[in-house]
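A short worksheet on the structure shown next.
Throughout, read-outs are computed from the coordinates displayed, never taken from laboratory work. Just so we're clear, the structure is a prediction, and the values are computed from it rather than from any experiment. Cβ: placed from backbone, ideal geometry, glycine included. Neighbour counts: every protein chain shown.
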Amino acid sequence: METWFVAAAAGYVIQLRHCDSNMASRLEINFIRLLSRCETMASEKRGEAEWRLEKYVAALVDMLVALRKSPSKPTQEILTEYTRKVDFLKGLLEAEKLTSPTEKALANQFLAPGRTPTIANERMPATKTVHIQSKARCTGEMRDELLGTRTSGKADGDLRNRRVLPLDERQSAAELDAVLQHHHNLQEKLAEDMLNLARNLKNNTLAAQNIIKQDNQTLSQSMRQADLNFEKLKTESERLEQHTKKSVNWLLWLMLILVSFTFISMILFIRIFPRLR
């Protein structure tokens, strides 16, 4: 049944170029169903020979590409969320292929689960639940590797041999859990401090932006006032220049009249009072 579901998903990818808007909506519905199935399988415990999830994720990738090319594709925000969940499943499969628990834990740290539930009856996004379970598994594997108590499975995978921990090792495990919890608390405190720092930086940036805006307004008003004063000064300078020219003309005429009057007076004086012999 599940093999048929993968084949049907691949068939929808091939037929996308020739389907109308109704077919595109059906493709999105099938994509959501397959995505929900993959999230459920990822949350369950799987054996090393399990191959269906990898095939389903490959089909999801093809369906997502086809959904992006669809003429009636969903909004960009929904496509981004689909891409985020598919990338998370791909990264989860790649992390599970690593051999070292440390590498698995590091790879899990960089995984980004989905932000919204895939189906309506989910209280929390399934990918987030899978992420928490994967981090817990990696932490357990790292602890077992440090304590040398990793379990070994038999050929059938049903029976597992577990060595009973002595008291000292149980105490060491408890101390390791306390150390891990302490580091987790430190990380949470550091994240909270960084959040507060970012919030303060944002407030300071907004305050500086307001101050700069007010300074720009004051500078603009000063420049407009300076331009207005310059225009007034230019007008007054022109009026003063015209007034100065008028004053010079009247003075020149006055001097000419005075000189002429003096000359005529001298002539008359000479005529009226001749030179004594």
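General observations
- Between Ser220 and Trp51, residue separation times 0.36 nm minus the direct Cα-Cα distance comes to 53.9 nm.
- Separation of the Ile32 and Met194 label points, Cα + 7 Å toward Cβ, nm: 3.4
- Spacing of the two label points (7 Å from each Cα toward its C-beta) at Ile211 and Leu228, in nm: 2.9
- Placing a pseudo-label 7 Å from each Cα along the Cα-to-Cβ vector at Leu98 and Asn185 gives an inter-label distance of 2.8 nm.
- HN-Hα J in Hz across the stretch 208-214 - Karplus 6.51, -1.76, 1.60, θ = phi - 60°, x for Gly and Pro: 4, 5, 5, 5, 5, 5, 5
- Pairs beyond 24 Å (Cα-Cα), from Lys69/Lys135; Lys104/Lys128; Lys69/Lys128: Lys69/Lys135; Lys69/Lys128
- Integer Hz, Karplus 6.51/-1.76/1.60 couplings in order for the stretch 104-117, x for Gly and Pro: 4, 4, 5, 5, 5, 5, 8, 7, 10, x, x, 9, 10, x
- Rounded to the nearest whole Hz, the Karplus-based 3J(HN,Hα) values (6.51 cos²θ - 1.76 cosθ + 1.60, θ = phi - 60°) of the stretch 178-194 follow the sequence 5, 5, 4, 5, 4, 5, 5, 5, 5, 5, 5, 5, 5, 5, 5, 5, 5, with x at glycine and proline.
- Placing R0 at 30 angstrom, the Cβ-Cβ distance between Met266 and Leu240 gives a FRET efficiency of 0.15 after rounding to 0.05.
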